[in-house]
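Accompanying notes for the structure given below.
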């Protein structure tokens, strides 16, 4: 089943998991230590993130390590870029208004 990555990152626990594994690959047990929740709940979050392809699994012996999928994160970043540009334009307009007000007071 394919899930929407934006719904996946809407959850604060999943965003925190992404931040953890962005630094280094981790096992579900290592991830669960950072949360006040059950190992099963963390596994469910990891399953959702995997279904969205935001994280990748890699098996090493008996352990499964989860790591960030930078390609999928770049897709999200690309979508967010349009909003960054809008806000940058708005802040620039605000800077211009404030500069005009400041100059008029002199």
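Tell me, please, whether a residue that is in contact with a strand residue (DSSP E or B) (Cβ under 8 Å, 6 or more places away or on another chain) and surrounded by 10 or more Cβ atoms within 10 Å (Cβ to Cβ) can be found in segment 79-92. So that I can check it myself, show each step before the final result.
Residues of segment 79-92 in contact with a strand residue (DSSP E or B) (Cβ under 8 Å, 6 or more places away or on another chain): none.
Within segment 79-92, not a single residue is in contact with a strand residue (DSSP E or B) (Cβ under 8 Å, 6 or more places away or on another chain) and surrounded by 10 or more Cβ atoms within 10 Å (Cβ to Cβ).
Looking at segment 16-33 only, could you name the residues that are touching a helix residue (DSSP H, G or I) at 6+ places or on another chain (Cβ under 8 Å) and surrounded by 14 or more Cβ atoms within 10 Å (Cβ to Cβ)?
Taking segment 16-33 as the starting set, the residues that turn out to be touching a helix residue (DSSP H, G or I) at 6+ places or on another chain (Cβ under 8 Å) are 17-18, 20-21, 26, 28-29, 31-32.
Correct list: 17, 18, 20, 21, 26, 28, 31, 32.
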note = Among helices (runs of 4 or more DSSP H) completely within the chain, the ones holding 3 or more residues that are on the phi < 0 side of the Ramachandran plot and over 14 Å from the mean Cα position of the chain (by Cα) are 28-32, 39-51, 70-105
inquiry  = Please go through (1) surrounded by 10 or more Cβ atoms within 10 Å (Cβ to Cβ); (2) out of contact with any strand residue (DSSP E or B) (no Cβ under 8 Å at 6 or more places or on another chain); (3) without any contact (Cβ under 8 Å) to a residue 12 or more places away in the chain for residue 57 and return the number of the only condition it doesn't satisfy.
reply    = (2)
Subset of segment 47-65 (residues that are touching a helix residue (DSSP H, G or I) at 6+ places or on another chain (Cβ under 6 Å) and either farther than 10 Å from residue 18 by Cβ or not assigned by TED's automatic domain parsing to the domain that holds residue 19 (or both)) = 48, 52, 53
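The values are calculated or read from the model by the stated rules, or taken from the named source; none is laboratory data. It should be emphasised that the depicted structure is a prediction, and the values quoted were computed from it without experimental measurement. Cβ coordinates were reconstructed from backbone atoms using ideal geometry, including for glycine residues, and neighbour counts include every protein chain displayed.
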